[in-house]
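A short write-up of the structure that comes next.
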Amino acid sequence: MFPAELAPEGGQELELFGTSLGTSGQVTLGGQACVVTAGGWSHTSVRCTTPPYAGDDPTVAVIVSVAGQASNSVPVTYQLAPRIRVVEAAVMFTPTNIGQPATAPLVVANDGWRDLVVSGLVTSGAHASDFAAVDVPPVVVAPGDQVALTLAFTPLGRASKWRSHSRR
């Protein structure tokens, strides 16, 4: 089978190799149809276009059916990237004086299937220098886990401060 790993958005050509595959049939990935490409079926190989990932487990069974007979299932894995999510939409700091720092947690979660590596926090926009990450060593967030990063706010002047932050 080539490739051994699939893109989650689907639309990728998958080629299966075998013997006595006949001249037509069906291919499914995790129960979803893998549409056979034009001229993509022979006695020794099948080419089909993968469906998008749908399910709870990125490893799905590939099954070839010819004349009502299903093959043994062969596993193939959709390579799902990490997906970062900020748990709280806003980070709230306690009131502080000019030049005095206040800190608050910024909780990020990994809703994807692969480890998420957080190596820093970047602030942008007006007054970005008033905000900084506190001691953010590279941290690995496993799928389904979350981590609290510490964000510091040290106002350098009077004003309400609102900023967006990105993770890298």
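Find the relative contact order for the chain and round it to a whole percent, using C-alpha pairs within less than 8 Å whose residues are 6+ positions apart.
18
What dipole magnitude, in Debye to the nearest 20, does the chain give about its Cα centre under +1 on Lys/Arg Cβ and -1 on Asp/Glu Cβ?
Value, rounded to 20: 540 debye.
Can you tell me the relative contact order of the stretch 84-158? Whole percent, Cα pairs under 8 Å, sequence separation 6 or more. Can you show the working numbers first?
On the way: 152 pairs, mean separation 29.6, N = 75.
Taking the mean separation of contacting Cα pairs over the length of the stretch 84-158, I get 40 percent.
Charges at C-beta only: +1 for Lys and Arg, -1 for Asp and Glu. How large is the resulting dipole of the stretch 1-96 about its Cα centre, in Debye rounded to 20?
Numbers: 3 positive and 7 negative charges, 17 e Å.
Its charge dipole is roughly 80 debye.
Name the shape class, rounded, prolate or oblate, that the alpha-carbon gyration tensor gives for the stretch 84-158, where a ≥ b ≥ c are the square roots of its eigenvalues, rounded holds for a/c under 1.5, and otherwise prolate holds if a/b is larger than b/c and oblate otherwise.
Because a/c hits 1.5 or more and a/b exceeds b/c, the stretch 84-158 counts as prolate.
Along each of its three principal axes, how wide is the spread of alpha-carbon positions in the stretch 5-78, in whole angstrom units, largest first?
Projected onto the principal axes, the Cα atoms of the stretch 5-78 cover 32, 23, 16 Å.
Might you report the magnitude of the Cβ-based charge dipole of the stretch 84-158 about its Cα centre, with Lys and Arg at +1 and Asp and Glu at -1, to the nearest 20 debye?
160
Go through SER71, THR94, MET1 and say which Cα lies farthest out towards the positive end of the charge dipole of the chain; charges sit on Cβ, +1 for Lys and Arg, -1 for Asp and Glu.
The residue sitting most towards the positive pole is THR94.
Using just the alpha carbons, could you tell me how many Å³ per residue the convex hull of the chain encloses?
124
We did not get these values from a lab; they are worked out from the coordinates using the rules stated. Owing to the predicted nature of the structure, the values given are computational and were not obtained by experimental measurement. Note that each Cβ is placed from the backbone with ideal geometry, even for glycine, and that neighbours are counted across all protein chains shown.
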